[in-house]
Amino acid sequence: MPELPEVETTRRGLAPWLEGQQLARIVVRVPKLRWPIPADFGRRLPGARVVALDRRAKWLLLRTDRGTALLHLGMTGSFRVLRDDRAPGLHDHVDLVTGAGVTIRFNDPRRFGSVLWTEEDPALHPLIAPLGPEPLGAGFTGDYLHRRSRKRGIAIKPHLMNAHIVVGVGNIYASEALFRAGIHPARAAGRVALPRLEALAGAVREVLTEAIRAGGTTLRDFYDGEGQPGYFAQRLRVYDRADQPCVSCGAPVRQMVLGQRSSYYCPRCQR
Ligand SMILES: [Zn+2]
């Protein structure tokens, strides 16, 4: 499933082809992905100028002078940039064709992705308004986590993965960040002291930033229309390493289930 770094890499890959461009043609080949695609989507956009391609959580916000398209990759969605007019494949559901003749093609075999439209401020959209702060934004700090976790008995790992607390911290990144901050994933959120939450906020920023940086190396294939930003070759320190030695102390990494997700941790380094 694409996580925040893959979505951010997609944004960086698409932005130069879209920003400032006029949309010439929209092709919608399915009526519905996770939700119905607005029936008039293909008629509203031609002629619109793209102001910016932004990201909020795992949503791409295609801001135009007529409104904003809200695009989500779901579980298996991806975009490609095509500079020729090759025929669409089976799961190529939507094309955005720019005035420069470039096709931005959305492919999604499992159809859990989304293409929505709003003429209001997208920050007020019901799918976006309830979301917590961006993990790479200025609002995500140890102080913030401290405020949001006092008196909370929930384990710190599912707390960190809750999009109302902070967006975009998936299972892999939560495991890795907790390892770097030395916090046991099952520790009650309300019992982690401020300095450790400061370390945790820093570790979340660090693992996401490293993944985004690794993603940049996949962009060349993306431009050629063949590849897509994949899962980034980041060296994972605990995730999926059950029984292997901890990179820091050598103790065997352990696995446990928390909030129905597999969690990996070092029993010696994480308290
Ligand atoms: Zn260790």
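Read-outs throughout are calculated quantities, based only on the coordinates presented, and are distinct from any laboratory measurement. Please read these numbers as outputs of a predicted model, since none were measured by experiment. Here the Cβ positions follow ideal geometry from the backbone for every residue, glycine too, while neighbour counts run over all protein chains shown.
Only bridges with both residues in the chain count here: give the DSSP antiparallel percent, nearest 5. Intermediate results must be reported in sequence, preceding the final value.
On the way: 40 of 40 bridges.
About 100 percent, rounded to the nearest 5.
Select from Gln255, Gln244, Gln21 the residue whose mean-square fluctuation is largest in a Gaussian network model of the chain (Cα-Cα springs shorter than 10 Å).
Gln244
Can you give the charge dipole size of the chain about its Cα centre, rounded to the nearest 20 debye, using +1 on the beta carbon of Lys and Arg and -1 on the beta carbon of Asp and Glu?
Charge dipole, the chain, about its Cα centre: 1040 debye, nearest 20.
What value in Å³ per residue do you get for the convex hull of the alpha-carbon atoms in the chain?
Working: hull volume 34.8 nm³, N = 271.
In the chain, the Cα hull volume divided by residue count equals 128 Å³.
Radius of gyration and Dmax for region 117-177's Cα atoms, expressed in Å?
13.1, 40
Can you give the extra length, in nm with one decimal, that the chain gains between Arg83 and Ala193 once fully stretched, where that is 0.36 nm per residue apart less the Cα-Cα distance? Before the final figure, lay out the partial values.
Working: separation 110, 0.36 × 110 = 39.60 nm, distance 5.28 nm.
So the extension gain works out to 34.3 nm.
In the chain, if the dipole is taken from +1 on Lys/Arg beta carbons and -1 on Asp/Glu beta carbons about the Cα centre, which of Pro46, Gly132, Thr9 is farthest to the positive end?
Towards the positive end, the residue furthest out is Gly132.
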